[in-house]
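A quick write-up on the structure given underneath.
Every read-out reported here was derived from the displayed coordinates using simple, explicitly stated rules and does not represent laboratory data. Keep in mind that this is a model prediction, so the values were computed, not measured. So basically every Cβ, Gly included, is an ideal-geometry build from the backbone, and we count neighbours across all protein chains shown.
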């Protein structure tokens, strides 16, 4: 099972020069726990929307293919609109942070 506590501990040991970036990461990790599940017994450990068997990747695949969010939600009724929007919001915050290169280097 995915352990955010292990990842938080690893990130804590990193030396961040930007406290704002650290707060963003901590906030994101906490929110991700509420949105996704990673369990080896569910789709071999692929991240899925919490409470479903819908891979998180499927949302991004649909959007990349030009499928609207409403169409995605119609295809996967077990995913709530709130879950999908919250996940997109987290991705947006992470990928538009001023120090995204530092974030990438830290978690890569």
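Quick look at the values:
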quantity: Cβ-Cβ FRET estimate between residue 53 and residue 82, R0 fixed at 22 Å, reported to 0.05; calculated: 0.75
quantity: Per-residue Cβ neighbour rank within 10 angstrom, fewest leading, 52, 78, 96; calculated: 96, 78, 52
